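Following: one structure in structure tokens, then a few remarks.
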Protein chains: 2
Amino acid sequence: MRRACSECGVRDQALCASLTDDQLAVLSRAGRRRYVAKGESVIWAGDENMICANVVAGVFKLSTSTADGREQIVGLLYPADFLGRPYAPSSNYTVDALTDAELCVFPRKHFEQALHDYEELERLLLQRTLDELDNTREWMLLLGRKTAEEKVASFIVQMSRRLAKGRCGASTGEEFLLPLSRTQVADVLGLTIETVSRQMTRLKSAGVIDLPTTRSIRVLDRPALSARAEHA
Amino acid sequence: MRRACSECGVRDQALCASLTDDQLAVLSRAGRRRYVAKGESVIWAGDENMICANVVAGVFKLSTSTADGREQIVGLLYPADFLGRPYAPSSNYTVDALTDAELCVFPRKHFEQALHDYEELERLLLQRTLDELDNTREWMLLLGRKTAEEKVASFIVQMSRRLAKGRCGASTGEEFLLPLSRTQVADVLGLTIETVSRQMTRLKSAGVIDLPTTRSIRVLDRPALSARAEHA
DNA sequence: CGGATGATTGATATATCTCAAGAGTAGTGG
DNA sequence: CCACTACTCTTGAGATATATCAATCATCCG
């Protein structure tokens with residue numbers, strides 16, 4: 001039994017927000033829900049590029065790697081984000097689920113047709129792609145020019161913005177669960193796992209953050225954390 | 001006196017390629033030619049975002065920097081490339097001319113109106129933005145995971161693809177003029193000027209490239225250069 | 001409880017940066 | 001045309017941040 005789009009948790013945040021209920025009804029006939037287990041790959045770099053999707057739940061990583069296996073994570077996707085690459089025959093990066101996740105999947109060709117038919121959809125995708133390009137370029141500054149401490153602090157700032165519970169409440173004392181292992185954090189920041197670990201404990205020793213478990217982070221002093229993200 | 005679009009050198013390569021002569025005639029009434037001297041800034045990071053433009057001639061750099069002045073070049077623009085950021089009130093990066101250059105400039109609001117009016121224009125911009133995002137993510141792998149030698153070799157490979165004269169001819173023996181100083185190359189690669197210089201002379205000593213002048217590069221052994229770009 | 005996986009910590013190595021000097025190159029004006 | 005000056009680039013020596021290698025320590029799960 002098909003679940004109605006009107007009940008979808010990301011109906012108003014995903015690209016679908018640009019469509020009327022009637023338009024969405026048409027498009028949704030081409031789509032289907034797909035549950036993805038933590039660690040599962042959805043798209044492989046170099047493979048034929050078959051699907052586009054909206055993230056309904058969970059977190060995904062986009063990554064590329066060198067021939068000898070060094071990996072770089074080039075993006076993270078959260079609920080309501082768009083996943084896929086319209087207008088290209090093959091994908092440049094691999095997409096894996098970091099948590100159990102749920103997608104609303106469309107065949108790429110159908111999705112491209114929808115972009116053609118609904119100009120508001122295409123406009124919203126353009127705007128999001130431009131935003132994503134800005135974010136990605138900002139991340140280049142981090143990769144090319146920031147120190148290990150700045151990288152780790154920047155990463156925690158950014159993750160806490162996305163994941164902290166009481167985002168509207170106090171700006172401090174927030175705790176959140178990291179969807180990434182230390183190795184994956186290292187692959188986001190262009191560092192080794194050991195360096196990430198050392199910088200984390202340094203921040204903890206300085207009283208800037210707390211690490212209740214290995215996968216959770218509590219920001220104790222946000223101004224201090226932001227300062228360390230900017231300036232060595 | 002206004003120059004006709006039909007005589008424009010990038011009429012069929014720039015975004016304008018998606019427009020008919022009639023459509024372009026309408027749009028071009030809002031645009032104007034602007035000559036930019038080497039070193040001049042066209043857009044400043046953080047400033048109000050007023051313009052969009054097509055690059056007609058010359059090369060531009062996009063860059064961001066940290067508060068204490070470390071700079072990272074996040075993109076290069078060549079003739080027929082699009083310059084600007086539709087749908088955002090301010091710019092995230094500074095755009096400077098690396099050579100004397102020429103732009104076809106539109107007020108941002110006019111350009112956004114054109115995107116709205118001509119769906120082929122919007123589609124082409126979307127496709128280019130998606131391509132640019134792919135390229136930028138590929139560059140993240142270089143910044144985060146490649147060694148200095150791999151970075152410099154990758155840079156030369158990429159520049160030679162863009163700039164070498166006889167691109168259709170032999171794949172070797174090409175010579176081209178770098179539009180960037182050593183400092184700027186360092187800012188592209190996330191290295192220091194000294195490291196760039198040392199890697200360049202290493203490649204020269206190994207017979208992979210020649211450096212006839214400080215601003216020109218000749219690729220002597222492209223397979224060897226590509227190998228060094230991939231693998232330390 | 002035991003084994004596996006992932007994280008931390010320590011000791012050492014090394015690639016790249018930093019600091020400093022010298023060598024090209026280009027532009028200027030006599 | 002030739003100094004003279006100002007850059008930019010190259011080269012060298014030494015410092016340092018981060019990587020590498022190795023061991024211990026948590027955490028998870030059967």
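For residue A:91, the residues whose modelled amide H falls within less than 5 Å of its own, excluding neighbours fewer than 5 places apart on the same chain, are A:46, A:47, A:49. Of the solvent-accessible surface of segment B:147-230, computed with a 1.4 Å probe over protein heavy atoms with every protein chain present, carbon and sulfur atoms account for 52 percent. Between the alpha-carbon centres of segment B:23-62 and segment A:85-126 there is a gap of 31 Å.
Of all the options B:95, B:26, B:59, the one that moves most in a Gaussian network model of chain B with Cα springs shorter than 10 angstrom is B:26. Over the protein assembly as shown, dividing the summed -39,500 (n - 2.57) contributions of all DSSP H runs of at least 4 residues by the number of residues returns a 222 nm mean residue ellipticity of -12500 deg cm²/dmol. Copy-to-copy label distances for residue B:87, where each label lies 7 Å from Cα along Cα-to-Cβ, are 1.2 nm in order of increasing length. A simple count of charges around residue A:107, restricted to other residues whose Cβ falls under 14 Å of its Cβ and scoring Lys, Arg +1 and Asp, Glu -1, yields +4.
In units of the rule-of-thumb radius 2.2 N^0.38 Å, chain B shows an alpha carbon radius of gyration of 1.09.
For segment A:83-124, heavy-atom accessible area (probe 1.4 Å) falls by no less than 10 Å² from the chain alone to the full protein assembly at A:85, A:86, A:87, A:92, A:93, A:116, A:119, A:122, A:123. The fraction of accessible area contributed by carbon and sulfur in segment B:5-142 is 49 percent, rounded to a whole number (1.4 Å probe; ligands and nucleic acids excluded). Looking at segment A:16-65, the accessible area is 49 square angstrom per residue; that uses a 1.4 Å probe and ignores ligands, DNA and RNA.
Accessible area of residue A:214 (1.4 Å probe, protein heavy atoms only, ligands and nucleic acids ignored): about 100 Å².
Among A:68, A:96, A:22, the largest mean-square fluctuation in a Gaussian network model of chain A (Cα springs under 10 Å) belongs to A:68. Taking a straight Cα-Cα cut-off under 13 Å and skipping sequence neighbours fewer than 8 places away in the same chain, the aspartates and glutamates within cross-link reach of residue A:38 are A:96, A:100, A:102. Using θ = phi - 60° in the Karplus curve 6.51 cos²θ - 1.76 cosθ + 1.60, the 3J(HN,Hα) couplings for segment B:197-213 round to 4, 4, 5, 4, 5, 4, 5, 5, 4, 7, x, 7, 9, 10, 10, x, 10 Hz; x is entered for Gly and Pro. Considering only B:70, B:222, B:11, the mean-square fluctuation computed in a Gaussian network model of chain B, springs between alpha carbons under 10 angstrom, is largest for B:70. In order along segment A:66-72, the Karplus-derived 3J(HN,Hα) couplings, from 6.51 cos²θ - 1.76 cosθ + 1.60 at θ = phi - 60°, round to 7, 4, 8, x, 5, 10, 10 Hz, and Gly and Pro are given as x. Residues of segment B:128-159 buried by at least 20 Å² of accessible area upon assembly of all protein chains, compared with the chain on its own (1.4 Å probe): B:129, B:130, B:132, B:133, B:134, B:136, B:137, B:140, B:141, B:143, B:144, B:145.
Between chain B and chain A, the total buried accessible area stands at approximately 4400 Å², from heavy atoms with a 1.4 Å probe.
The values are calculated or read from the model by the stated rules, or taken from the named source; none is laboratory data. Just so it is clear, the model here is predicted, and its values are computed rather than measured. Note that we place each Cβ from the backbone using ideal geometry, even for glycine, and neighbour counts take in every protein chain shown. Protein only, heavy atoms only, side chains kept; ligands, DNA and RNA dropped before computing areas. Shrake-Rupley method; radii C 1.70, N 1.55, O 1.52, S 1.80 Å.
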